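First the structure, in the form of structure tokens, and then the observations on it.
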Amino acid sequence: MTGLDPRTKIVIIICLSTLAVFLNEPWPLLLLFVFTLVVLLLMRINFFRMAMRFKKLLPLLLLMLIIQSVFTAGGEVMFSFQGVHILTTNGIHSSLCILFRLLTFFSSAMIIMTSNSKDYVLALVQLKIPYEIAFMVLVALRFLPVFIEEIRDTLVAMQLRGIDLQRIPWRHKIKFYTHLFAPLLSSVMLKAHQLAITMEARAFRIYRRRTYLRLLQYRVADYVVMGFFVIATIAVLTRGFLY
Amino acid sequence: MAYIELENVSFCYPGQSRPVLREINLSILNKGVTAITGANGSGKTTLSKLLTGILLPTKGRIKLNGQLLTSLTLTQIGRQIGYVFQNPDKQLFCETVEEEIAFGVRNLGLPPDQAAQKVREVMDYFELTRHAQAYPLSLSAGEKRRLALAAVFALEPGLLLLDEPTTGLDPYRKKLLGDYLDKMLAAGRGVVLISHDQKFINRYATRLMGLQDGQFIEE
């Protein structure tokens, strides 16, 4: 499945994400997540290795699930404190839905990694999206790791100049994190300006018609996979899984 | 005793099979100017990041003042080693030039009047006073480099680690930097200089090390 057309991959992601949005029960959402893992396996993506990179976000996810569970009223009360219902069956139901929904979003987004970013620009252009917009998507993908590295460097620089981010209280920590945005914003503006000049210097948009060295071609496998995903998505959405 | 000691240090970036640095053994004292030279991609900047604890060795160990670098936080390392990045933009994050220099000085625990005095002195020395209220990232490349140097010099670390410090400096400011290095040496502090500027190295280095393909080839 790694050799599929990028447009087919975009359709797969849209189908999986749409299902994750509309399904509203933990079991179907769990099934959808397992199915997404199977798709990743077929595309030779190691989900668990990728997920480990985001392990620092786990406490945030856990906190979100707890808040969701506490603030969803109704159902059978499982735990209460001084008359306040802390844990209810509806709360657990709701937080499980969110957990599986987020996992499906996260894992389906990984499919994007199996093709080159240039292929996605071609795919978007061939889907009749203006080249300027497709190019902007490419630039965003290209610069994301650069910005992440810049944030890391600024954090290192702050620590080397005496700020122990592990030890200072949260209210102070937030103040120091604001220091990250000034250089980042400045860097984004500067890079955008430089990129605009470079692009114009290389005749960007000088002619209305743009030609491409390579064009994407659908294969039989693309039609089969796309057909399967679209039909399956419509079938699931119209077959009473919606609550 | 060596200020920094590297024992059989190797480093390989994640996802790469070829190590950037191989079996490095090195002792650096906090006196004199140790210059490290080498071609692009020879591992100089990686070595500087290992010395400051930004990267951790994949093999071997590094000691700072007898303590394992892995047992220290970046904050603790920053008190002992002043690191000036190759690209100064990466270490400027405050709203004004004055704030940028004061950021580290305030963390030293000095009384406010002494801290303010120190900031003024450093700004004067690096001829940054007239830019005191300017936004650091709007300065010219040379001014930004001077500011990055000033912000680190203000902390008076035991050892200064400068990655390509002369890039973008005019001859007069290179001399100024050299004079400051002399001042650091006179105060009993050491400097590690990573540079391609042969003239500057010849003038100030007391020890010269050549890095090639991740190993020291000459000293």
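The values are calculated or read from the model by the stated rules, or taken from the named source; none is laboratory data. Note that the structure is a prediction, hence the values are computed from the model and not measured. Cβ placement follows ideal geometry from the backbone for every residue including glycine, while neighbour counts extend to all protein chains displayed. In case anyone asks, the SASA skips ligands and DNA or RNA and just uses the protein heavy atoms, side chains included. Shrake-Rupley method; radii C 1.70, N 1.55, O 1.52, S 1.80 Å.
Between the helical axis of B:112-125 and the longest alpha-carbon principal axis of chain B there is an angle of about 80 degrees. Listed by chain and number, the aspartates and glutamates placed with their C-alpha closer than 19 angstrom to that of B:LYS31 are B:GLU5, B:GLU156, B:ASP163, B:ASP179, B:ASP182, B:GLU219; residues fewer than eight positions away on the same chain are left out.
Taking all protein chains together, A:ASP5, B:ASP197 sort by accessible area into B:ASP197, A:ASP5, largest first [probe 1.4 Å]. Each of A:ARG152 and B:THR70 was given a label point 7 Å from its Cα along the Cα-to-Cβ line. The distance between the two points is 1.9 nm. Across chain B, C-alpha contacts under 8 Å between residues 6 or more apart give a mean separation that, scaled by the residue count, equals a relative contact order of 30 percent.
Using the Cβ-Cβ distance between A:VAL84 and B:ARG130 with R0 set to 51 Å, the FRET efficiency from 1/(1 + (r/R0)^6) comes to roughly 0.25.
Once both labels are positioned 7 Å from their Cα atoms along Cα-to-Cβ, the gap between B:ALA39 and B:GLN16 label points is 1.5 nm.
Based on the reciprocal of the average 1/r between different C-alpha atoms, the Kirkwood radius for the protein assembly as shown equals 26.4 Å. Annotation for A:ASN46 and A:ILE231: the two label points, set 7 Å from Cα along the Cα-Cβ direction, are 3.6 nm apart. Accessible surface calculations at 1.4 Å, restricted to protein heavy atoms, place region A:108-194 at 59 Å² per residue. Estimated purely from DSSP H runs of n ≥ 4, each contributing -39500 (n - 2.57), the mean residue ellipticity at 222 nm for the protein assembly as shown is -17000 deg cm²/dmol once divided by its residues.
Computed with a 1.4 Å probe over protein heavy atoms only, the accessible area of A:GLU149 comes to about 90 Å². Looking at the protein assembly as shown alone, DSSP beta bridges between its own residues are antiparallel in about 50 percent of cases. Shape analysis of chain A places it in the oblate category; the axes a ≥ b ≥ c from the Cα gyration tensor give an a/c of at least 1.5, with a/b not above b/c. Mean per-residue shielding of peptide B:148-157 is 1, counting Cβ atoms of other chains within 10 Å of each Cβ. For region A:175-202, the residues whose backbone nitrogen is under 14 Å from a point 7 Å from the Cα of A:PHE143, taken along Cα to Cβ, are A:183-200. Within 10 Å of the Cβ of each residue in B:75-84, the mean number of Cβ atoms contributed by other protein chains is 4. GNM remark for chain A: springs join alpha carbons under 10 Å apart, and the peak mean-square fluctuation among A:ILE129, A:ILE206, A:ILE67 falls on A:ILE206. Of B:GLY82, B:GLY109, B:GLY168, the residue with the greatest mean-square motion in the GNM of chain B, using alpha carbon springs below 10 Å, is B:GLY109. List the pairs from A:LYS9/B:LYS59; A:LYS56/A:LYS175; A:LYS118/A:LYS191; B:LYS44/B:LYS144; A:LYS173/B:LYS174; A:LYS191/B:LYS59 whose alpha-carbon separation is above 29 Å, in the order I gave them. With Cα atoms farther than 29 Å apart: A:LYS9/B:LYS59; A:LYS173/B:LYS174; A:LYS191/B:LYS59.
Ranked from largest, the principal axis spans of the Cα set of chain B equal 48, 37, 36 Å. Report D for region A:106-199 in µm² per second (integer): Stokes-Einstein, Kirkwood Rh on Cα pairs, 25 °C, 0.890 mPa s. It diffuses with D of about 153 µm²/s by this estimate. Given their separation in residues at 0.36 nm each and the Cα-Cα distance between them, A:SER117 and A:THR211 gain 32.0 nm when the chain is fully extended.
What do you get for the angle between helix B:171-186 and the principal long axis of chain B? Use alpha-carbon atoms, 0 to 90 degrees, nearest ten. The answer is roughly 70 degrees.
Of the solvent-accessible surface of the protein assembly as shown, computed with a 1.4 Å probe over protein heavy atoms with every protein chain present, carbon and sulfur atoms account for 61 percent. Here region A:114-131 is scanned for amide nitrogen atoms under 19 Å from the site 7 Å beyond the Cα of A:ARG202 along Cα-to-Cβ, giving A:116-125, A:131.
For chain B, the longest principal axis of the alpha carbon atoms and the long axis of helix B:97-106 meet at an angle near 70°. When the Gaussian network model of chain B links Cα atoms closer than 10 Å, the mean-square fluctuations of B:ASP113, B:ASP179, B:ASP163 top out at B:ASP113. Annotation: per residue accessible area for region B:1-115 equals 44 Å², rounded to a whole number [probe 1.4 Å, protein chains only].
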